[in-house]
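Quick notes on the structure that follows.
The values are calculated or read from the model by the stated rules, or taken from the named source; none is laboratory data. Please read these numbers as outputs of a predicted model, since none were measured by experiment. Cβ placement follows ideal geometry from the backbone for every residue including glycine, while neighbour counts extend to all protein chains displayed.
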């Protein structure tokens, strides 16, 4: 199945979710993230990166995450047709891109949105390539965030597509390298 067909199918299933269901899934993902950060406490002293969710996108509930585990989080900023990350001065504001004021940073690890993920670390994004271009030369740890129904055995990828180190769903965390669920 090609990227565009799979993208359409996954978007259709996400758009069919009610806002209450998206909120429930986002809280469940947040609980899984908290579990992961407790297993890898060294991450809490590093700079992480979140994202500002767009319509029908499962995302961490940052207030709950920060209440449970204080971490420093940056968010995406647009730089022409490229992306970078910045820490907001105050609460993060913006749709997709963080609004000013902020200061730019290089995160050590990232929560990465996507439409689909494979347990082999493959990711299907929305097709604009921002994350792939950013991660191309990055050594940051990549954690894909998804609803468990966004997992697929066959994610079509190209040579420029980035792969995840972890997949975090509403039901479990997956270590791609170790092929272990926790």
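Some points to look at:
- Residue in region 110-157 that is surrounded by the most Cβ atoms within 10 Å (Cβ to Cβ), counting only those that are part of a helix (DSSP H, G or I) and touching a helix residue (DSSP H, G or I) at 6+ places or on another chain (Cβ under 7 Å): 150
- Candidate set from region 49-67 (those that are out of contact with any helix residue (DSSP H, G or I) (no Cβ under 7 Å at 6 or more places or on another chain) and touching a residue at least 60 places away in the same chain (Cβ under 8 Å)); member that is surrounded by the fewest Cβ atoms within 10 Å (Cβ to Cβ): 53
- Of all residues in region 83-99, those being out of contact with any strand residue (DSSP E or B) (no Cβ under 7 Å at 6 or more places or on another chain) and at pLDDT 95 or above number 1.
- Hits in region 19-52 - residues which are within 18 Å of residue 87 (Cβ to Cβ) and in a loop (DSSP other than H, G, I, E, B): 46, 50, 51, 52
- Region 147-180 - residue that is more than 16 Å from residue 123 (Cβ to Cβ) and in contact (Cβ under 8 Å) with a residue 24 or more places away in the chain and, of those, farthest from the chain's Cα centre (by Cα): 179
- Beta carbons closer than 8 Å, at least 6 apart along the sequence or on distinct chains, never pair a first residue in region 5-26 that is at positive phi with a second that is outside any helix (DSSP H, G or I) and surrounded by 13 or more Cβ atoms within 10 Å (Cβ to Cβ).
- Candidate set from region 1-18 (those that are in contact with a helix residue (DSSP H, G or I) (Cβ under 9 Å, 6 or more places away or on another chain) and part of a helix (DSSP H, G or I)); member that is nearest to residue 58 (Cα to Cα): 14
- Only residues that are touching a strand residue (DSSP E or B) at 6+ places or on another chain (Cβ under 8 Å) and either more than 20 Å from residue 13 (Cβ to Cβ) or crowded, with 20+ Cβ neighbours inside 10 Å (or both) were counted in region 158-175, giving 12.
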